[in-house]
């Protein structure tokens, strides 16, 4: 219960320090001070930031700054194991037996994990707990990987609640024997995940996936879209997460 409260508090703070929650707070502050020049300026600046971060052009540029480069075939040599991190799940999945299932982010990670396992023959570890309750992500990931992708899973780490715990709890299962891992996660999450796993004692070869969609430049690249604002929010989340890890080291 104590961890649940701590996790909820962290998520609420994150929601209000990232777009769009941050913009709601800034606009509210600007409206409260509307009669002053500072209040009106804050409203206009916040509106400009909302517009900019909602355009695919700006969001794409932000994601380019944080996404890891794609895996090369040469990097597959001499790895000991493949570690795939959970990227979230969905409740209310009425088409599934327990009404819970992996989300699309996790699905993309599992697809690459399956391909890499069949290509290398290396054993797979899945990592992901249940910080918001229900079935642990790693359990749902195992079911999907084995039933839908016909890929064998050797280890299931289903108690971690964040990236740092993904790393430390995976280390307890793999080290010291399986030190050189092929780490599968989203391209935008790789820098932070790699840092956590290297701190836990692993040698990491990055296998990023789920890269940001980048359509050809057009008029629509400069028009606001909800998906672009979401991508911008992810970029800010990873930057803040990286700073947080740096402060804790």
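For the reader, a short list of remarks on this structure follows.
- Counting DSSP beta bridges with both ends in the chain, the antiparallel % (nearest 5): 15
- With neighbour counts taken as other beta-carbon atoms within 10 Å, the residues 24, 124 rank, fewest first, as 24, 124.
- Remark: relative contact order (region 73-209) = 27 percent; criterion is Cα-Cα distance under 8 angstrom and separation of 6 or more residues.
- The slack between residue 27 and residue 244, meaning 0.36 nm per residue of separation minus the straight C-alpha distance, is 75.5 nm.
- Estimated purely from DSSP H runs of n ≥ 4, each contributing -39500 (n - 2.57), the mean residue ellipticity at 222 nm for the chain is -17000 deg cm²/dmol once divided by its residues.
- Taking label positions 7 Å along the Cα-Cβ direction at both residue 115 and residue 226, the computed distance is 2.9 nm, reported to one decimal.
- Calculated FRET efficiency for the pair residue 13/residue 168, C-beta based, R₀ 22 Å, to 0.05: 0.45
- Extension gain, residue 216-residue 38: 0.36 nm per intervening residue step, less the Cα-Cα distance, totals 60.2 nm.
- For the chain, modelled as a GNM whose springs connect Cα atoms under 10 angstrom apart, the maximal fluctuation among 123, 131, 176 occurs at 176.
- Across all directions, the shadow cast by the convex hull of region 73-209 built on its C-alpha atoms averages 7.4 square nanometres.
- Note on the chain: GNM, Cα springs under 10 Å; of 122, 203, 177, the largest mean-square fluctuation is that of 177.
- Mean separation of Cα contacts under 8 Å, 6 or more apart, over the residue count of the chain: relative contact order %: 25
- Exposure proxy for 33, 84, 43: other Cβ atoms within 10 Å of each Cβ, ordered fewest to most, give 33, 43, 84.
- Theoretical gain in end-to-end length, residue 90 to residue 48 [0.36 nm per residue, Cα-Cα removed]: 11.8 nm
- Region 13-128: Rg to Rh, with Rh as the Kirkwood radius over Cα pairs: 1.17
Only the coordinates and a few stated rules stand behind these numbers; no lab work does. All values derive from a computational prediction rather than experimental measurement. With ideal geometry, Cβ positions are generated from the backbone for all residues, glycine too; neighbour counts draw on all protein chains shown.
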